[in-house]
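For reference, the structure discussed in these notes is given below.
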Amino acid sequence: MNKFPNAFVIIFYAILFAWILTFIIPKGNYQREHNIVNNQTSVVPNSYEQKEAPNLSAFNALLAIPKGIAGRADLIVLILLLGGCFYLIEKTGALNQGLNKLITLLKGEEIYALTIITLLFLTAGFTIALQEEIIAMTPILLLFGRTLGYNPSTIVTASYGSAVVGAAFSPFNPFGVLIAQKEADVELLSGAGYRLIFLLIASVVWILFIVHYAGRNRVEKSKLDLNIEGLTSRNKVILTLLALTFGIVTYGLIAQSWGFNEMSVCFFVLAILCGLVANFGLNKTTEIYVDGFKEMISACVIIGLANSITIILSEGLIVDTIVYGLFSPLQDVPPSISAVLMMISQTVLHFPIPSYSGQAILTMPILTPLADLIGLSRQVCVLAYQYGAIIMDVIVPTNGALMAVLALAGIKYNNWVRLIIKPTLVILGIASIAILIAVQIGF
């Protein structure tokens, strides 16, 4: 039996499939307006029209690959600097000592440790929409998982999967809900109480699934290389600097609207400081830092390749046609059914548009007048978007962050799909109930 394709091969197939679609799906686009005040481009509702244009050549399709990598330069820089930082901190021995201490405290209470990890990433997801940053954390998380007797699938589900669920049900995800509310002309942060109720429900269900799966798939525990009873003073300082940096980054994302570049600066400074605290000196610090970059190269390339799929669909002028085909029929069905179908359409659309912030900017100006026409509140429209689009980050192969995490964890995509499909459908079922109730109560 042939081996299932790895992450690179899957994305190459997706690139080829996207190019073939540009020959099959009619070309067309919506008109767009640029707002000089906020420097944003928005879609003009009811402006879709088909157009004649030459097909995208094979050479231009291939050009999308370097364009895709270059287009994610800021994220790639973050992953390199963050990954190198974690690699360097690992070489200081601080992480091993810290994990050893934590494992000693949690000895015989592994299920609580797993629950704590899940809660931490659920919190990171609903507060700052943590996702790509998990790529650099994956090697350390896997090490922690092995010492507790949990396989890579359990750890990825508890970390990456939890962050996605938290982001999908978040009342203030800055890259999802807030953008969608702004595009839909809905008061920012409105409806937070209702969203928090279903965030709690979804979180409980997700935790129960992880605990159940982990209990049935335990592996033999591995021992850390270091076995030191207490943390050294230097390593206490290093771990304190790490915690302080995450606090600064969280504040920057929430209060200062930071992007990837500002985060990159923080982790670059952290790496240099940790190297100096560990008494490595500048030469050794930078050499180890560069070695850490090498560990992240494959993940960075995967993210760039995934971005090239969106570029092909966009340059092939079929993205707007896909949007038009998915959402136009919704005006012919009752509001409750239309709202759920709106969410399902958002899940489908997330395959060709893996950036959920980009998906919000594209779809909300189209869906808002449609919602007004069929009697749906704009708040429900936002719910359908956030639940449908964001949760699909746990499964769509066009999401570079997912494929990078799976590659680092050594998990085949087909095995991941078999694991994650059932809980994803359950979570989407909870989202559907939330939407139906919202329609009935006039949310």
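Laid out as a table, the results:
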read-out	value
Residue in region 158-171 that is β-branched (Val, Ile, Thr), assigned by TED's automatic domain parsing to the domain that holds PHE209 and surrounded by fewer than 24 Cβ atoms within 10 Å (Cβ to Cβ) present	no
Hits in region 141-150 (condition: of a type in the set (D, E, K, R) and either at positive phi or without any contact (Cβ under 8 Å) to a residue 12 or more places away in the chain (or both))	none
So THR138, is it of a type in the set (Ser, Thr, Tyr), touching a residue at least 40 places away in the same chain (Cβ under 8 Å), within 30 Å of ILE272 (Cα to Cα) and not assigned by TED's automatic domain parsing to the domain that holds ILE430	yes
Every pair of residues 6+ apart whose Cβ atoms lie under 7 Å, when the first sits in region 151-168 and is in a helix (DSSP H, G or I) while the second is acidic (Asp, Glu)	VAL164/ASP393
Those residues of region 135-153 which are under 21 Å from TYR112 (Cα atoms) and of a type in the set (A, V, I, L, M, F, W, C), in sequence order	MET137, ILE140, LEU141, LEU142, LEU143, PHE144, LEU148
Number of the condition not met by ALA360 [criteria: (1) within 16 Å of the chain's Cα centre (by Cα); (2) over 24 Å from SER153 (Cα atoms); (3) not in a helix (DSSP H, G or I); (4) not aromatic (Phe, Trp, Tyr)]	(3)
Qualifying residue in region 335-342 (condition: free of Cβ contacts under 8 Å to residues at least 24 places away in the same chain, more than 16 Å from ILE390 (Cβ to Cβ) and either crowded, with 18+ Cβ neighbours inside 10 Å or touching a helix residue (DSSP H, G or I) at 6+ places or on another chain (Cβ under 7 Å) (or both))	yes
Elements of type helices (runs of 4 or more DSSP H) contained in region 1-105, each with 3 or more residues being modelled with pLDDT of 85 or more and under 30 Å from PRO139 (Cβ atoms)	7-24, 58-71, 73-92
Residue match in region 72-80 (condition: over 27 Å from ASN415 (Cβ atoms) and surrounded by fewer than 16 Cβ atoms within 10 Å (Cβ to Cβ))	yes
Residue match in region 15-26 (condition: touching a residue at least 40 places away in the same chain (Cβ under 8 Å), on the phi > 0 side of the Ramachandran plot and surrounded by fewer than 22 Cβ atoms within 10 Å (Cβ to Cβ))	no
Selected residue (only one of LEU317, LEU305 is touching a helix residue (DSSP H, G or I) at 6+ places or on another chain (Cβ under 9 Å), buried (at least 16 other Cβ atoms within 10 Å of the Cβ), of a type outside the set (Val, Ile, Thr) and not assigned by TED's automatic domain parsing to the domain that holds GLY410)	LEU305
Candidate set from region 111-136 (those that are aliphatic (A, V, I, L, M), in a helix (DSSP H, G or I) and touching a Gly at 6+ places or on another chain (Cβ under 8 Å)); member that is surrounded by the fewest Cβ atoms within 10 Å (Cβ to Cβ)	ILE111
Answer from VAL237, VAL269, VAL277 - the residue that is surrounded by fewer than 16 Cβ atoms within 10 Å (Cβ to Cβ) and among the hydrophobic types (A, V, I, L, M, F, W, C)	VAL269
Complete set of residues in region 404-414 that are more than 15 Å from LEU75 (Cα to Cα) and either β-branched (Val, Ile, Thr) or surrounded by 24 or more Cβ atoms within 10 Å (Cβ to Cβ) (or both)	LEU406, LEU408, ILE411
Any hit, region 278-286, residues being in contact with a Pro (Cβ under 7 Å, 6 or more places away or on another chain), over 24 Å from ALA407 (Cα atoms) and either at pLDDT 90 or above or in a helix (DSSP H, G or I) (or both)	no
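The values are calculated or read from the model by the stated rules, or taken from the named source; none is laboratory data. No experiment lies behind these values; they were computed from the predicted model shown. Every residue, glycine among them, receives a Cβ derived from its backbone with ideal geometry; neighbour counts consider all protein chains shown.
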